[in-house]
Every structure is written in structure tokens, then in C-alpha cells.
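J.: What follows is a single structure, and I will ask about it in a moment.
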């Protein structure tokens with residue numbers, strides 16, 4: 001159904017950007033709903049529901065990373081953080097597990113064949129691991145430059161891969177500060 005397709009595309013969107021905007025949601029909704037369901041969806045507050053779902057993805061990701069930081073600190077107790085330690089600790093299997101909720105909606109076979117996507121998604125998780133946890137919501141947005149232009153393939157209809165996510169994510173003034181050019 002249209003709503004399920006929307007949720008799957010929002011999961012894929014999370015892999016590209018953590019900066020949400022109504023313009024971005026609306027672009028996806030228009031592609032996942034036909035005219036009749038679009039009218040019904042508007043009356044049921046579909047944009048607000050999309051935003052709630054998207055924010056829950058971000059919250060779950062933040063919790064996964066918080067748990068990962070605890071595990072990292074338990075393993076490396078000397079307080080010194082090195083790139084080698086982080087690369088060993090957050091290997092491909094670990095970052096894919098952290099992103100598994102969103103990767104479930106993506107075409108993982110195509111992602112696994114694309115070295116750039118693999119490298120940038122892994123780097124995104126590793127970089128966020130290093131961020132200060134006091135304001136994780138704002139910190140996560142600063143890393144969009146790593147992933148915003150990746151055309152992440154969907155297992156469903158590739159709606160998000162066809163969008164100019166960078167432009168639509170910056171549709172609000174607050175989001176412009178997070179996207180590095």
C-alpha cells in the first residue's frame with residue numbers, strides 16, 4: 001500500500017540525510033501515493049506522520065550509537081582514541097548492524113557492489129561515533145555531507161534515489177547550516 005511504500009522510502013532517505021523537511025516528505029509522498037490516496041493522505045496529516053516516523057528512525061539510530069560508544073569505551077579503557085581502533089571496532093558488519101533498520105529497505109546487493117556507498121556509509125557511522133553526545137540530534141545533521149548525494153537504491157521503487165535530496169533537505173533555513181558544499 002502507499003503508506004507502507006512511504007515508510008520504506010523514508011528508511012532509505014535516512015541513509016542519505018538526517019535533515020528532514022516538509023518539502024522532502026512531500027516530494028516522496030507525491031511519488032508514493034496516487035491522486036486519490038494523496039487527497040486522503042493530506043486530510044489524515046500524512047506529513048506529520050512521516051515526520052514522526054523519520055524522527056523515530058533518528059532516535060533509534062542515536063540509541064544504537066550510544067550503545068556502541070559504551071561497548072567501545074569498555075573495550076578501549078585507556079581513553080586514547082585512534083583511527084585504527086575505530087576502524088577495527090566499527091567494521092562493515094558493525095556499521096551495517098547500526099544502520100540495519102534503514103538498510104532493510106535499501107537494495108543491499110547494489111549497495112554492496114558500490115565501493116563509494118560502502119565507504120561513505122561506514123565513515124558516517126564512524127564519524128558520528130566520535131561526536132559529542134550532549135546534542136546528538138544536532139551533531140548527526142553535521143555529517144550529511146558524507147551521504148546526502150549518494151543515490152541509495154531502494155528495494156521498492158527508488159523514489160528517494162531520483163530526488164535531489166540535498167536541495168530538498170535545505171528547503172528550511174535551519175537545515176542549510178548543516179549541509180556542507
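The values are calculated or read from the model by the stated rules, or taken from the named source; none is laboratory data. None of these values were measured; they are calculated from a predicted model. Every residue, glycine as well, gets a Cβ built from its backbone with ideal geometry; the counts of neighbours run over all protein chains shown.
J.: Looking at 110, 75, 70, can you tell me which residue is exposed (fewer than 12 other Cβ atoms within 10 Å of the Cβ) and either in contact with a helix residue (DSSP H, G or I) (Cβ under 9 Å, 6 or more places away or on another chain) or modelled with pLDDT of 95 or more (or both)?
T.: When all the criteria are applied, what remains is 75.
J.: Between 15, 5, which is modelled with pLDDT of 85 or more, in a helix (DSSP H, G or I), within 13 Å of the chain's Cα centre (by Cα) and under 16 Å from residue 152 (Cβ atoms)?
T.: Answer to the selection: 15.
Table: residues versus (1) over 13 Å from residue 169 (Cβ atoms); (2) free of Cβ contacts under 8 Å to residues at least 12 places away in the same chain.
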| position | (1), (2) |
| --- | --- |
| 1 | yes, yes |
| 4 | yes, yes |
| 14 | no, no |
| 21 | no, no |
| 29 | yes, no |
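J.: Looking for whichever is in a helix (DSSP H, G or I), under 13 Å from residue 17 (Cβ atoms) and in contact with a helix residue (DSSP H, G or I) (Cβ under 9 Å, 6 or more places away or on another chain) here; the options are 126, 120. Which one fits?
T.: So the residue among 126, 120 that is in a helix (DSSP H, G or I), under 13 Å from residue 17 (Cβ atoms) and in contact with a helix residue (DSSP H, G or I) (Cβ under 9 Å, 6 or more places away or on another chain) is 120.
J.: Restricting to the range 133-148, and then to whatever is touching a helix residue (DSSP H, G or I) at 6+ places or on another chain (Cβ under 9 Å) and surrounded by fewer than 15 Cβ atoms within 10 Å (Cβ to Cβ), can you tell me which residue is farthest from residue 90 (Cα to Cα)?
T.: This residue is 137.
J.: So, of the residues in the range 138-181 that are at pLDDT below 75 and in a helix (DSSP H, G or I), which turns out to be farthest from residue 81 (Cα to Cα)?
T.: It comes out as 173.
J.: Ok, one more. If you check 99, 65, 38, 130, which single one turns out to be surrounded by 14 or more Cβ atoms within 10 Å (Cβ to Cβ) and free of Cβ contacts under 8 Å to residues at least 60 places away in the same chain?
T.: Exactly one residue qualifies, and that residue is 38.
J.: Let me ask something else. Could you list, in sequence order, all residues of the range 45-89 that are more than 30 Å from residue 25 (Cα to Cα) and outside any helix (DSSP H, G or I)?
T.: 76, 77, 78, 79, 80, 81, 82
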